[in-house]
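No value in this document is a laboratory result; all are computed from the given coordinates. Owing to the predicted nature of the structure, the values given are computational and were not obtained by experimental measurement. A quick note on method: Cβ atoms are made from the backbone with ideal geometry, for glycine too, and the neighbour counts reach across all protein chains shown.
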Amino acid sequence: MRIADCRSFEDVCRAYEKMSALNGKLNALITPIPPEENPNGGRLCHVPVLLKDNVSTKGIRTTAACRLLENYVPPFDATIVEKLRAEGAVFLGKTSMDELSMGGSNLTSFTGPVYNPYDFSRIPGGSSGGSAVLTAAGAVPLAIGSDTGDSVRKPASYCGIVGVKPTYGRISRYGIIPYASSLDHVGFFTTAVEDAFLALQILSGKDERDLTTVAPSKHPLPDHIDPSVAGKKILVFQDVLDNTPKQTKILFDRIVTSLKEKGALIEEIRFRKDLLELVLPVYSLIADAEALSNHADLSGVYFGNRVEGTDFEEMLVNTRTAGFGSVAKKRFLIGAYSLSDGGVLFRKARKVRRLLVEEILSRLKDADALVAPSTPKGAPLIAESRAPKRKDSVRIADNHLVLGNLGGFPSMSVPMGLVDDLPVGFSITSNLYDEWAMFAIAKAVEEYTGLCGRTKEGLL
Amino acid sequence: MNDRDIEKLAKDCRFELRKEEIGDLHETFRLLETMVRRMDDVLVNDTEEMVSPIEGEIPLPERMIRKSIDPEDVSELSVNASGGFFRVPGRKP
């Protein structure tokens, strides 16, 4: 389904009916929103759009999949909601996610697991799984997510769609229930690179309510996609490929060869192994410390599900004990560990973050993009996702997308085909503010694969 | 890290854990402690400046730069579910 396919309010209503029917199998929605005509014209006129449930919507329940916020109704719209509505978008629902964006499976929502449309026994990836599956199933052409450590790009890979995380600061996070403020990015899903490019143009821009947004005058976005990759220098992330199964590597190598045939300059590179091994713990220590700080206000005092106690302290403990799931609690504990003893570990992690970011910057300053398979293979089984973690060497292939968050680099996943009947994505990460190069390469990949607009059919 | 240490962290977080939740956490913290020791190996010549983002990489709020406000003073702004300001990790401990 493409944005251009939506031409009338009847199309929107049909999308709502299809979404409702699909939801019975995918469990991807937390709150459906019956469609209302949007009087605004614009580039998204009559386009049905879904919002991850960490996006504040005035008068419409917003839970971040957290039981403590089960009945929370924001008194304001997020900036991106205002922008989408101004362009004519019609919102059809708030999608499921991992609780407070803490997770990579979409198994931790208080509404239950979300299922992958390609195989209901598998995860869609998270934390933006609900938005991903309904886009992949053809319910809507555009769905909003957020990406703190790959939470748009990994579900995009697992669900066979385009997932974009632009440069940090491109899109306002005002009104987005946070996970980790220095890592959070608003992202989105489409079935086509051109639609993703349009979405970026609509969503991006300076916002006085989010002090980390960048002025377009300082870092302008391109107004079209570069039709050529000739002369573009593309770095192949060998450390990831070393831990990628053969079938995925075959798909990936064919795409890289096609880019080379179009005139791109290909170079294989490796990064410092000792730094790569620290990507996940650095991410955890920083993200979870920031999350603990951000969510200190989830207390039941001003809003949220309150569980009473004999005094304030007991009320606080009762509310938070009942309100958070096990995964969220685990991450808060890691945050507390990180911030203990004056934040020694937090500072240490930030220093290693600096080294990691400098390592990437040193390579990208003379190149246009770093590419790798977004995930080593298709989506894991739900049972597998609940199992103990795999050894570190495999994790580099599973977790390299986090580098885009640690440094704020623009990064996207584009479908590259099926492995064992499951989608896998092609990841492109460019230098800061260089969405120009990123989208040019993404478009070339899409032209080679022929997967533009592809959705999973036959679910109903 | 033993059960008591984990319970203390939970107290800092203002929630309680079930016995089975505590049991699941030992391996997590054991791995984390191992990785923290590896961080020391790579931080051979670290400096305090490394803690801060470099302007241009992760953008410092433009308003602060325009008004020449020292970013080190910005430590208490926060964004939360009901809207508000934005919290950046403080540059000082």
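Of the two radii for region A:55-137, the radius of gyration is 1.00 times the Kirkwood radius, both from the alpha carbons; that is the Rg over Rh value.
Binning the alpha carbon pair distances of the protein assembly as shown at 20 angstrom intervals from zero yields the distribution 23, 60, 17, 0, expressed in whole percent.
A Förster radius of 60 Å combined with the Cβ-Cβ distance from A:Glu208 to A:Arg254 puts the calculated FRET efficiency at roughly 0.80. On the principal axes of its alpha carbon atoms, region A:1-112 extends 37, 32, 21 Å, with the longest extent given first.
Potential lengthening of the chain between A:Ser121 and A:Phe76 amounts to 12.5 nm, from the contour at 0.36 nm per residue minus the alpha-carbon distance.
Neighbours of A:Pro166 by Cβ distance under 11 Å: Lys/Arg scored +1, Asp/Glu scored -1, total -1. Over region A:246-379, one equal point on each Cα, no solvent: what is log10 I(q)/I(0) by the Debye formula at q = 0.12, 0.14 Å⁻¹? Summing over Cα pairs of region A:246-379 leads to -0.72, -0.84.
Ordering A:Ser338, A:Gly300, A:Thr319 by the projection of their Cα atoms onto the charge dipole of region A:240-349, which places +1 on the Cβ of Lys and Arg and -1 on the Cβ of Asp and Glu, puts A:Ser338 at the extreme positive end.
For region A:150-156, the Karplus equation 6.51 cos²θ - 1.76 cosθ + 1.60, evaluated at θ = phi - 60°, returns couplings of 2, 6, 9, 6, 6, x, 4 Hz by residue, with Gly and Pro reported as x.
When region A:120-273 is described by a simple charge dipole with +1 on each Lys and Arg Cβ and -1 on each Asp and Glu Cβ, the residue from A:Thr257, A:Gln238, A:Ile177 located farthest towards its positive end is A:Gln238.
Both the radius of gyration and Dmax for region A:200-308 are 21.8, 66 Å, in that order, over alpha-carbon atoms.
Rg of the Cα atoms in region A:406-453, relative to 2.2 N^0.38 Å, amounts to 1.23. Neighbours of A:Lys232, meaning other residues whose beta-carbon lies under 10 angstrom from its beta-carbon, give a summed charge of 0 when Lys and Arg score +1 and Asp and Glu score -1.
For A:Val49, the amide hydrogen comes within under 5 Å of the amide hydrogens of A:Val90, A:Phe91, A:Leu92, counting only partners 5 or more places away or on other chains and with H modelled in the peptide plane. Translational diffusion coefficient of region A:119-220 (Stokes-Einstein, Kirkwood radius from Cα pairs, 4 °C, 1.567 mPa s): 94 µm²/s. Residues whose amide H falls under 5 Å from that of A:His185, counting only those 5 or more places apart or on a different chain, are A:Asp147, A:Thr148, with hydrogens built in the peptide plane.
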